[in-house]
Each structure stands twice: as C-alpha cells, then as structure tokens.
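Below: one structure, written as structure tokens.
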Amino acid sequence: MAKRMVYDAMLLAVALIIFVVEAQIPPLVPIAGVKLGLANIITVYSMFRVGAGDTLAILACRVIIGSIYCGQPVSFIYSAAGGIMCYLVMLLMKRILTERQIWVCGVFGAIAHGGGQTAVAVVMFGTAALSYLPLLTLSGIITGLFTGLCAQYVSNRSKYFEK
Amino acid sequence: MKTKTWIIVTAVIFVVSGVLTAAMFWGRGRTAEVVLDGRVIERIDLDAVKEGYSFDVKCDGGYNRIRVEHGRICISDSDCPDCVCVRYGWLSGGSVPIVCMPHKLVIRIADGDDETDAVSGRGQHG
C-alpha cells in the first residue's frame, strides 16, 4: 500500500514537472487551447500501469496543483473540464485496448480533452465557440499521437523499473 | 480491435476534422472595412470582388483613392502629405491595417465576430 502511494506520488511529481516546464514554453500556435499537453503522457501511462482509481487521483491533483503553480482561474475551469472528459474516454478505451495499443488512448484522450474545453467555451461564449471543435480535434490528434506514443514507449520498458 | 483498425479510425477522424477546420476558417475574415474618423463607412467582401475597381473617399482636406481587386485592397493614390498609406501596398489579410494618419482613414480586415477575439485572446481591432 505504502509502495503504491509512493509510486503514485512520484507519477504526480513527474506530471507536475512536465506541466510546469511546458507552461514556460511559448505556444507554437497562437490559438488558445492548442498546446502539446505533455503531462498527458503520465495520465495515459498510469491509466494502464497503476489503474483507473489512482489515475483519477493523479489527474485531479495535477490539474489543481498545476493551476496553482501557473495559470488563471479561467484556465483551471478549462483544464478541469478537459481532464474529466479525457479521463472518461480513457476509462472506456482501457477496456478495449491491448498493451501494445496504449497510444490510441493518448489520441482519443486528447480529442476528448478538446471536446471538454469546447463545452466550457460554449457555456461561456455561446455556440459560436463550437467552430473551434474541428481545430481542437485536429491538434488533439497530432499532440495525442505524440504523447500517446511517449506513454507507449515508456510502458514498453516498464519492466525495467517496475517491480 | 486490431492496431490497423485504430490507425484507420484515427486517420479518418484526422481527415474529417481537417476538412471541417478548413471549411470553418477558409475565406473567413476577408471582409475589408474602410474606417473614416472612427466610423465604418464601407464594407467590402474581398472574395466576392470579380473585377477590380477604384473609388475615392473624401476626407478632411483631401481624398484617398482606394483600389479593390479580388482578395485584396489598397490605397492607390492620395494627396496626403506623407503617403505612407500608398506605400503600404496591398492588404489581403492579417491584422496590420492600412492607415492614413493625416486623413484619419483606416482600412482593415474585419475579423469575424468579437466572440472569436475573446476566445482566441487576440486584442481588439487596430
């Protein structure tokens, strides 16, 4: 139990470091909502390696603490909505994916993340914000593929550092 | 499901969202606004222009001749002192407007609705 807690805490620490470091990188595309989302690597990884419940804890802590470190209250709402959507989709994906298909989870998680963000934007700005959904989906596939593959490769090598 | 299936599903979603994105943003914000002393006096849909034409705008103490062609607009002639506006050349997009300071004349590309500005975090016009 204690070991599992330490392992979760370590994953959270890694996720937070990635999150904070990524926030320092200037955005590649000057559109709000389009970013790499590297911290997603940890979410995908822990989903398959430590289980759904632990992942929810790691994700929630990362979103909350990450927003305290860097970000405004508004970005917290977007982050939280995106994170919840992302988590639900990953929960679903976990049931139908094999060990070698973890990257798919990253892709669909990122798409769902964009969906959650768009939902918040629709509530705040009206249905005009829906026009951002295709763009966020597009960027979600690209960034999700990247983060998903990262998680895949880490997971492939997990036998070297997991006991 | 097989990995191949997932690759195909991802590719399909990618193409569909790519097409939708293109449809959403293609040809958007291509309306030119001619602003004189802070008031919009003319709106021109640049993509609807088939044949080029020119017209004059009378301002305080002078005129600006505006040339419109398909997808672009410029000030082709002016009797203002510095003629910065004429030297700007063609305007077809982007957020930098043509400005004629002496005549208080601005030509800018309208940016769709203001809600888009709020979401994307870009500033107001000008």
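Here are the numbers for this structure:
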item	result
Dipole in debye (nearest 20) - the protein assembly as shown, about Cα centre, beta carbon charges: Lys, Arg +1; Asp, Glu -1	1620 debye
Cα-centre dipole for chain A with unit charges at Cβ (Lys and Arg positive, Asp and Glu negative), debye to 20	440 debye
Cβ-Cβ FRET estimate between A:TYR69 and B:ILE7, R0 fixed at 30 Å, reported to 0.05	0.25
B versus A: buried accessible surface, summed, Å² (probe 1.4 Å, to nearest 100)	1900 Å²
Per residue solvent-accessible surface (Å²) - chain A, probe of 1.4 Å	51 Å²
Fraction of accessible area attributable to carbon and sulfur, the protein assembly as shown (%, probe 1.4 Å)	66 percent
Buried on assembly, the range A:127-144 (at least 30 Å² less accessible surface than by itself, 1.4 Å probe)	A:ALA128, A:SER131, A:TYR132, A:PRO134, A:LEU135, A:LEU138, A:ILE141
Peptide B:4-15, shielding by other chains (average Cβ, 10 Å cutoff)	4
Largest-first ordering by accessible area, 1.4 Å probe, given options A:LYS94, B:LYS104	B:LYS104, A:LYS94
Förster-model FRET efficiency, 30 Å R0, A:PHE76 and A:MET5, C-beta, rounded to 0.05	0.75
Contact order relative to length of the range A:49-163, as percent, for alpha carbon pairs under 8 angstrom and 6 or more apart	26 percent
Per-bin percent of Cα-Cα distances, chain A [10 Å]	11, 42, 35, 10, 1, 0
Listed residue pairs exceeding 22 Å between alpha carbons, taken from A:LYS94/B:LYS4; A:LYS3/A:LYS94; A:LYS94/B:LYS2; A:LYS3/A:LYS159	A:LYS3/A:LYS94
Mean Cβ neighbour count within 10 Å, used as a protection proxy, ranking A:41-47, A:128-134 highest first	A:41-47, A:128-134
Rg to Rh, two decimals, where the protein assembly as shown supplies the alpha carbon set and Rh follows Kirkwood	1.14
Listed residues A:ALA110, A:ALA57, A:SER139: farthest to the positive end of the dipole of the range A:2-157 (Cβ charges)	A:ALA57
FRET efficiency estimate (nearest 0.05) - Cβ-Cβ, A:GLU162 to A:ALA13, R0 22 angstrom	0.85
Helix-derived mean residue ellipticity, 222 nm - over the protein assembly as shown, DSSP H n ≥ 4, -39500 (n - 2.57), to 500	-18500 deg cm²/dmol
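The values are calculated or read from the model by the stated rules, or taken from the named source; none is laboratory data. Since the model is a prediction, treat every value here as computed from it, not as a measurement. We place every Cβ from the backbone using ideal geometry, glycine too, and count neighbours over all the protein chains shown. Each accessible area value is taken on the protein alone, full model and side chains, heavy atoms only, with ligands, DNA and RNA left out. Shrake-Rupley method; radii C 1.70, N 1.55, O 1.52, S 1.80 Å.
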